[in-house]
Amino acid sequence: MRRPFLTALAISLGAAVSLGMSRFSYALLLPPMRSDLGWTYLLAGAMNTGNAFGYFIGALMTPALLRRCGAHRMLVAGALLAALFMLLSGLATATGLLLCQRILSGVASAFIFISGGVLAARLGGLHPRRAGFLIGLYYGGTGFGIVLSALLVPATLAAAADFGAAHGWQWAWLALGGACLLATLGMALPARQIPDAPLQAGPHNRFRIGSFGYGLAAYFMFGAGYIGYMTFVIALLKEQGMSAPLITLFYTLLGLAVLASSRVWAGMLDHFKGGQSLAILNGLLAAATLLPALTATPLLVFASGILFGGVFLSVVASTTALVRHNLPPPAWSAGISAFTTVFAFGQIIGPSMVGWIADGPGGLQRGLAFSALALLLGALLALRQRALPH
C-alpha cells in the first residue's frame, strides 16, 4: 500500500473521536457541569462509569458486527453515532438523559476504537518494519482529540458566558459534536484503502483467554487506574488553584505528548513479544498519576501531565502489538476485542470508585492515589505475561 503513514494518520481521527473528544473532553466539562447541576464527585464519576459501561457493551457486540459489516463500515458508523450523541448532550440538562448519552456514546466509541485498531493492525501487517509506529500513530490520534478539546472547550465556554447562556457547557458539547462530524469525513475514504475482507469462522481465528491471562488482568488494572486521572485531574487542578490558562496549557501539552508517544515507544512495541511493554508503561503511569496527589507544584504537575500523555495510549497500542506478535491475522479481531472488553470493565469501576473516595476524607488526592496503586499492580501482572510459542 502506498502512503501508509497518511492512511494511519487518517484513521487516527477515529481514536480522536472515540477517546479524545467523546470521552476525555468530559474532564474539562466536569467542573462546570458539576457546579451547574449540583453533582457530587460520585455522580460526576458515575457519568464516566456510564460511558465505560456503554464501551463494555459495545466491545461485546463488536466482534459479531465486524464479521457482518467489516471494520471500515464499523469505524464510520461508530463515529457518526458518537457525533450524534455528543450533539444530543448539548440539548439536555436532566441527569438521566445525560447519563443515557454517556452510555450510548460509550457503545459508539467501542465500535470506533476496536474497528480502527483492527485496521491499524492490518496496516501494520502490510508494513511489518513500521508496524509499531503505524499502530502507535493510530492510538496517538487520541492526542489530537485531547488537544482540540483543550482549545475548543474553554473557548466555547467563554463564548457562552459572554452570550449569557444558561448552561454554557451545552455549547461545548455541540461544538465537539460538530468537530466529530468533520473528523468522520476526514477518515472515511482513506480507511477504505486498507483490506477489510469479512472474517470467517474457523480454527485460526480463536482467541484463548488462558494464554493471555496475565496480560488481560494487567489491562483490566490499567483501565481501572488511568481513567481516574483522565476524569478528575482537571477538577483537582481547579481545587488546587491553578488558573484557567495554565489548565488549558496543561491539557494541551498532555494531548501533544499523546501524539508524540507513537514515535517514542514504537521500537519497544516492535521488540518485546510478551508483556514487558505493558509492564513498563503501566509503571510509568503509576508514577505520573501519583505526582499531583502528592504536590501542587506547577512544574511537577506539568511533568505528570506530559509523562501521562506520553504513555497512556501506548499501553493500548502495546496490547494490539501483543496480539499481533502472538496470534495469526484471522485472530486479531477476537484478540483486540477481548483486551478491549477487560479494559472497558476496568473503566466501569475506576471513575465511580475514585469519585466515592474523593467525596470522603482526603479528597481527590486520595482518589488518584488509588488509581496509581491500580496501575502499579497492573505493571506487576504484566511482567508475568510471556510470549506464546509459535
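Any read-out appearing in this document is the output of simple, stated calculations on the displayed coordinates, not a laboratory observation. Fair warning: this is a prediction, and the values are worked out from it, not measured in the lab. All Cβ positions, even for glycine, are placed from backbone atoms using ideal geometry, and neighbour counts span all protein chains on display.
Seen through its C-alpha gyration tensor, with square-root eigenvalues sorted a ≥ b ≥ c, segment 1-117 comes out prolate because a/c lies at 1.5 or above while a/b is bigger than b/c. Helices assigned as whole DSSP H runs in the chain whose Cα atoms extend at least 20 Å along their own long axis and whose mean Kyte-Doolittle hydropathy is -0.5 or higher are found at 41-69, 71-89, 95-126, 131-163, 168-191, 213-239, 244-264, 276-294, 312-326, 332-358, 363-382.
Which whole-number percent is the relative contact order of the chain (Cα, under 8 Å, 6+ apart)?
On the way: 767 pairs, mean separation 108.8, N = 390.
Normalised by residue count, the contact order of the chain is 28 percent.
Taking the Cα centre of the chain as origin, work out the dipole magnitude from +1 charges on Lys and Arg Cβ and -1 charges on Asp and Glu Cβ, in debye rounded to 20. Provide the component values of the computation, followed by the final result.
Numbers: 21 positive and 6 negative charges, 269 e Å.
With Lys and Arg at +1 and Asp and Glu at -1, about 1300 debye.
Candidate values (i) 1.35; (ii) 0.98; (iii) 0.91 were compared with Cα Rg over 2.2 N^0.38 Å computed on the shown model; the agreeing label is (iii).
What fraction, in whole percent, of alpha-carbon pairs in segment 111-193 exceed 19 Å separation? Write down the numbers at each step before the final one.
On the way: 1724 of 3403 pairs.
Roughly 51 percent, rounded to a whole number.
Show that you can apply the helix-only estimate: for the chain, add -39,500 (n - 2.57) for every DSSP H stretch of four or more residues, divide by all residues, and state [θ] at 222 nm to the nearest 500. It lands at -27500 deg cm²/dmol.
Classify segment 72-216 as rounded, prolate or oblate, taking a ≥ b ≥ c as the square roots of the eigenvalues of its Cα gyration tensor: rounded when a/c is under 1.5, otherwise prolate if a/b is larger than b/c and oblate if not. Working shown, then result.
On the way: a/c = 2.43, a/b = 1.95, b/c = 1.25.
It is prolate, given that a/c is not under 1.5 and a/b is the larger ratio.
So for segment 1-117, averaging the separation of alpha carbon pairs under 8 Å that are six or more residues apart and normalising by length, what relative contact order in percent results? Walk me through the numbers before you get to the answer.
Working: 127 pairs, mean separation 48.6, N = 117.
Averaging sequence separation for qualifying contacts and normalising by length gives 42 percent for segment 1-117.
Which of the three applies to segment 242-286, rounded, prolate or oblate, going by the alpha-carbon gyration tensor with a ≥ b ≥ c and a/c under 1.5 meaning rounded? Oblate.
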